[in-house]
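Below is one structure, written out as structure tokens; comments come after it.
The values are calculated or read from the model by the stated rules, or taken from the named source; none is laboratory data. Note that the coordinates shown come from a computational prediction; the quantities given were computed from them, not determined experimentally. With ideal geometry, Cβ positions are generated from the backbone for all residues, glycine too; neighbour counts draw on all protein chains shown. Ligands, DNA and RNA are stripped out before the accessible areas are found, and what is left, the full protein with its side chains, is counted by its heavy atoms. Shrake-Rupley method; radii C 1.70, N 1.55, O 1.52, S 1.80 Å.
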Amino acid sequence: MCLGFGGGCATIELVEWGGLGHVSSSNGFLWGSSTSGPQTEGRLAQDGKGDNLWDYWYRIEPNRFYQGQGPDKTSTFYEHWEEDLDLLLETGHTAFRTSIQWSRIFPEGRGEINQAGVDFYRRVFEKIKEKGIHLLVNLYHFDLPMALQEQGDGWENKETAYAYQEYARFCFKTYGDLVDQWITFNEPIVPVEFGYFYDAHFPHKVDAAAAVKVAYHTQLASSLAVKACHEVDPNYRIGIVLNLTPAYPRSQHPADVKAARIAELFQAKSFLDPSVLGHYPEELVEILRERDLLPDYDPFELRLIEENTVDYLGVNYYQPLRVAAPRYAPNPASPLLFEQFYEPYVMPGRKINPHRGWEIYEQGLYDIAQNIKENYGNIEWILTENGMGVEGEEKFRKDGVIQDDYRIDFVKDHLRELHRAIQDGANCKGYLIWTFIDCWSWLNGYKNRYGLVELDLESQKRTLKNPAIGLKN
């Protein structure tokens, strides 16, 4: 199979090699993978890293984590980073996205620096650049230093946004000569939703007012980081990574259409609009005002958000969001939850990943591209996550190698939609799969595997899976 990505963006050939194909590119289109520090690095005694929310939560409630798998070990990248980075070239990477753990640099969130952590990231980034790989570095992947949570309720406290700016400015000054593109936050709506509406991220509150404060302070922090980045060097490029899951209504009934519109307000536009356009959607503001949920703010902060929009956008896409109008009126005594505005809808006949339970809908990627083109100035963007998680992946092992043809097909089908989007004018500059090596995934541990490279949890041995073997050939 050969796919030509035209339109002046890139020429990308996928030549059959037992599956996905050898990938080559021109005109700077990026190919690679994404991962994160808290999901891969692990910890060693005396490494100087401070606790983040996940370290603390695992210590006090290890029973909440799948098979007791916590963030203390993960994929041991902190110990095996050199051999892991050697695999980047073997698996055909021209780009790699990772993250810095805030608490590895500043164990208390601010103040004293952990020099061992500073030096670790310097060595890692230097090695990536020596290999000629485009480096994208994310500054925050759900990993707030626990000290800031204990001292002032974390992101509920506006001071955390300014502590984050100090941390970000330090990183820009320390690693700016090595990093090609910076990222402020990965999927910032996720900690808001699962930490303050539901029970899947610490501090697992159910408090809509706290959720709104956390969301606003996170956006303020992102804009402060953009400002600091351009102050350190106006040529540095910085963006934000958002999970832009399209919301599709069950039907064209006005109530279903409204439910989908509000779902996108909360799930996507709450960060997309201020990050790219510099302001919040009026309908979202009005919904919050009607419920007396607007956070404390001042005109200076809104002006700062308006004047410090991102240079590019990262987009994570796995599955669509299908919604319907709520079936029942809300209980006036219950806490405010998203279900009061919309509820999930399971579409009959949907294509499904039977090993993970998520719907597969490749056209959602095209719809995201059209939305960015038509409503967000066709800002430059990169597909920063797309992948297929599989539970019990060892059952596909043959002759010692995971034969994941299902993942090959998943990527192929999404690339076809990305190809179509670029032909129709999408300003997409790269494709990064989630993920490089099987990684730890929060409360799910290693239940679902996403990697190009298999990780044996007992021996920590790394083994290339089927598509990775093809890429290196």
Residues Pro348, Pro320: which one is open to solvent by 70 Å² or more (accessible area, probe 1.4 Å) and either touching a helix residue (DSSP H, G or I) at 6+ places or on another chain (Cβ under 7 Å) or of a type outside the set (Gly, Ala, Ser) (or both)?
Pro348
Taking only the range 68-96 into account, find how many residues are open to solvent by less than 10 Å² (accessible area, probe 1.4 Å) and over 19 Å from Arg462 (Cα atoms).
2
Quick check on Ile100: is it out of contact with any His (no Cβ under 8 Å at 6 or more places or on another chain), buried (at least 22 other Cβ atoms within 10 Å of the Cβ), closer than 16 Å to Gln39 by Cα and modelled with pLDDT of 95 or more?
yes
Leading residue by the ranking (surrounded by the fewest Cβ atoms within 10 Å (Cβ to Cβ)) among those in the range 189-205 that are in a helix (DSSP H, G or I) and hydrophobic (A, V, I, L, M, F, W, C):
Phe194
Looking for whichever is among the basic types (Lys, Arg) and surrounded by 22 or more Cβ atoms within 10 Å (Cβ to Cβ) here; the options are Arg449, Arg420. Which one fits?
Arg449
Among residues belonging to the range 113-165 that are among the aromatic types (Phe, Trp, Tyr) and open to solvent by less than 50 Å² (accessible area, probe 1.4 Å), point out the one that is farthest from Asn52 (Cα to Cα).
Phe125
Kindly evaluate Ile372 against the criterion of being more than 20 Å from the chain's Cα centre (by Cα) and at pLDDT 95 or above.
no
From the list Glu150, Glu156, Glu112, Glu108, pick out the single residue that is touching a strand residue (DSSP E or B) at 6+ places or on another chain (Cβ under 8 Å), more than 24 Å from Thr35 (Cβ to Cβ) and of a type outside the set (Ser, Thr, Tyr).
Glu108
Could you name every one of the helices (runs of 4 or more DSSP H) located completely within the range 355-473 that has at least 2 residues being free of Cβ contacts under 8 Å to residues at least 60 places away in the same chain and within 27 Å of Ile133 (Cα to Cα)?
363-375, 405-423
For Thr245, the lone unmet condition from (1) in contact with an Asp or Glu (Cβ under 9 Å, 6 or more places away or on another chain); (2) farther than 26 Å from Glu385 by Cα is (2)
Selection from the range 33-82 of residues that are in a helix (DSSP H, G or I), under 28 Å from Leu432 (Cβ atoms) and of a type in the set (Ser, Thr, Tyr):
Thr40, Tyr58, Tyr66, Tyr78
Every pair of residues 6+ apart whose Cβ atoms lie under 9 Å, when the first sits in the range 124-140 and is in a strand (DSSP E or B) while the second is surrounded by fewer than 17 Cβ atoms within 10 Å (Cβ to Cβ) and at pLDDT below 95:
His134/Gly28
Within the range 166-187, work out how many residues are under 20 Å from the mean Cα position of the chain (by Cα) and surrounded by fewer than 19 Cβ atoms within 10 Å (Cβ to Cβ).
1
Yes or no: Pro295 part of a loop (DSSP other than H, G, I, E, B), under 21 Å from Phe185 (Cβ atoms) and at pLDDT 95 or above?
yes
